[in-house]
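Encoded as structure tokens, the structure appears first; notes follow it.
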């Protein structure tokens, strides 16, 4: 009997807080980018892919939702940092302001990935892992400035790195996945770095 493939998805998002226009208006949150790390095990073999997309100031969030929806696979396990507090809420909020067809398409894909096993790495009360530490381009002031001026190359790179880092941190905690997964991931990262792979994504040149 053929063994079914098992898919893990690590998801990272970036948002900016928009200062209020006046004292009566609460600050708003705008979705800026998303990073994905997809790892699929089929028997003893692993297959990996990683992408990140961003939108600049003035661009609609629904463009990023559509990009993400088209890439979210059927996942056995979703991995992230503060999934309930930081990852999912801005996605749902963006969908609430998107065109109905895009919102429906995205929410179907998001619900599908949330139905599986969800691993929130922040549940561990120990200090935040170095693998998933926030990069300098993702600090609130820097991110807001880069978003406003369209300088988002570093944000895309750091979103992809954050998603990969969360996957590596998960592997160190998940004994059932095995050390071979980390070894395979490191080998893939080395090959990816060697050929300077750049994948098309929203905001990419």
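The values are calculated or read from the model by the stated rules, or taken from the named source; none is laboratory data. In this text, all values refer to a predicted model and were calculated from it rather than measured experimentally. Quick reminder, even Gly has a Cβ in these numbers, built from the backbone with ideal geometry, and neighbours come from all protein chains shown.
Here is a check on your reading of the model: is residue 99 modelled with pLDDT of 95 or more and more than 15 Å from the chain's Cα centre (by Cα)? For residue 99, the condition - modelled with pLDDT of 95 or more and more than 15 Å from the chain's Cα centre (by Cα) - is met. Within region 17-53, the set of residues being modelled with pLDDT under 90, touching a strand residue (DSSP E or B) at 6+ places or on another chain (Cβ under 7 Å) and either surrounded by 15 or more Cβ atoms within 10 Å (Cβ to Cβ) or part of a loop (DSSP other than H, G, I, E, B) (or both) comprises 18, 27, 30. Of the candidates 154, 127, 111, the single residue that is assigned to a helix (DSSP H, G or I), at pLDDT below 90 and surrounded by fewer than 18 Cβ atoms within 10 Å (Cβ to Cβ) is 154.
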